[in-house]
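Chemist: One structure follows; several queries about it will come next.
The values are calculated or read from the model by the stated rules, or taken from the named source; none is laboratory data. These numbers were taken from a predicted model, which means no experiment stands behind them. All Cβ positions, glycine included, derive from the backbone under ideal geometry; neighbour counts span all protein chains shown.
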Amino acid sequence: MIPVHIISGFLGAGKTTFIINLLNQKTTDEQWAIVVNEFGKVNIDGKTIQSAKKGEVYEISGGCICCTAKLYLNESLQEILKSEKYSRIIIEPTGLGGIDMVSEIVSANPALILKPVFCLVDILMVRNPLKLTIPIFKRQIDKADFIIFSKTDLLSNEFEKTELIKIFKANFPKANIFDVTKSDISILDVESIDVKPQINPYSLFEAGLSADNYLQKSYTFDNETVFDAEKLAKILVANTSILRAKGAIRTFDGWKLLNYTLTGCIFESCLDYSKNEFVIIIEKSDINKIEIFDSELKKLFQE
């Protein structure tokens, strides 16, 4: 039986970076298959993992594998099994999806064994109590076997980290915190310490738990277009309706991976891309505010 690991987490929690860290630690004689699910039609995360050249990526775009794209997940798993060359499978669901259906599909396949589910939590989100009430965010935590905090390196000191973890525990007393910053490959051999409580299946259809409440819009520019990274970051931060933005852009300092979350904007150096490409995710209730972002983006190139 091939072990399957689900790495979940809300938008911008750092799932892709976490998986790449694990890939960099595996031995050369191991073959891993990485199933990456992107909410929209542009698979930025899949391209990022593929560039690491440590595992073969199976991309599923245009919907969540926990609901609308579950058929494609099953097809990808069948293709992986048919190849008979993989010793491990890692699944990265979209940040707007749950793991209920994913776990069910994996568990139903006799050739696969579902390992404990890890949920990455951006520790910076704990600063804002309102963000802890996001239904999908809460559901991911409730259904995970273990919680791992990401972005702890961005905290100013150990005291701040301790205080934020206390706040998190107060909000999620039943959550199992495996390790504050654990990204060692040994986590893949950890076994579950208890059975997570079952959640009423009908709650899967609650409006607040549906990815249908969100919209992704993609932006593409030729590789001759150069962005002012600092100004782009200010536009993103100012538009509070944007929950997530990610992609690859050419800046005055070279090509950068754009990574904007509710807790800030980061640019990391990367290999050259054939074009500028990034996406934003916004709640459908704020759809009219996309026009504001588009207008500000247009002004960026007029200055």
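Chemist: Give me the residue from region 77-119 that is among the hydroxyl-bearing types (Ser, Thr, Tyr) and closer than 21 Å to residue 9 by Cα and, out of that set, surrounded by the most Cβ atoms within 10 Å (Cβ to Cβ).
Modeler: Filtering region 77-119 for residues that are among the hydroxyl-bearing types (Ser, Thr, Tyr) and closer than 21 Å to residue 9 by Cα, the one surrounded by the most Cβ atoms within 10 Å (Cβ to Cβ) comes out as 94.
Chemist: Related question: Given the criteria touching a Phe, Trp or Tyr at 6+ places or on another chain (Cβ under 8 Å), within 27 Å of residue 171 (Cα to Cα) and modelled with pLDDT of 85 or more, does residue 93 qualify?
Modeler: no
Chemist: Tally time: how many residues in region 74-108 are free of Cβ contacts under 8 Å to residues at least 12 places away in the same chain and aliphatic (A, V, I, L, M)?
Modeler: 1
Chemist: Which of the residues belonging to region 272-291 are surrounded by fewer than 15 Cβ atoms within 10 Å (Cβ to Cβ) and within 19 Å of residue 261 (Cα to Cα)?
Modeler: Result: 283, 284, 285, 287.
Chemist: Could I ask something else about it? So, in region 249-296, how many residues would count as being part of a strand (DSSP E or B) and not acidic (Asp, Glu)?
Modeler: Narrowing region 249-296 to residues part of a strand (DSSP E or B): 249-251, 254-261, 264-269, 275-283.
Okay, now just the ones that are also not acidic (Asp, Glu), so 249-251, 254-261, 264-267, 269, 275-276, 278-282.
Qualifying residue count, region 249-296: 23.
Chemist: Determine, yes or no, whether residue 247 is under 21 Å from the mean Cα position of the chain (by Cα), among the small types (Gly, Ala, Ser) and modelled with pLDDT under 90.
Modeler: Values: under 21 Å from the mean Cα position of the chain (by Cα): yes; among the small types (Gly, Ala, Ser): yes; modelled with pLDDT under 90: no.
Against the criterion (under 21 Å from the mean Cα position of the chain (by Cα), among the small types (Gly, Ala, Ser) and modelled with pLDDT under 90), residue 247 does not qualify.
Chemist: Out of region 114-168, which residues are outside any helix (DSSP H, G or I) and among the polar types (S, T, N, Q)?
Modeler: Scanning region 114-168 gives 128, 150, 156, 157.
Chemist: All but one of (1) over 17 Å from the mean Cα position of the chain (by Cα); (2) farther than 25 Å from residue 284 by Cα hold for residue 117; which doesn't?
Modeler: With (1) over 17 Å from the mean Cα position of the chain (by Cα); (2) farther than 25 Å from residue 284 by Cα applied to residue 117, the lone miss is (1).
Chemist: Can you tell me which of (1) surrounded by fewer than 18 Cβ atoms within 10 Å (Cβ to Cβ); (2) more than 30 Å from residue 99 (Cα to Cα); (3) within 22 Å of the chain's Cα centre (by Cα) is the one residue 222 doesn't meet?
Modeler: For residue 222, the failing item is (3).
Chemist: Next up: From 18, 10, which residue is in contact with a Ser or Thr (Cβ under 8 Å, 6 or more places away or on another chain) and at pLDDT 90 or above?
Modeler: On the way: 10 fails: in contact with a Ser or Thr (Cβ under 8 Å, 6 or more places away or on another chain).
After ruling out the rest, the residue left standing is 18.
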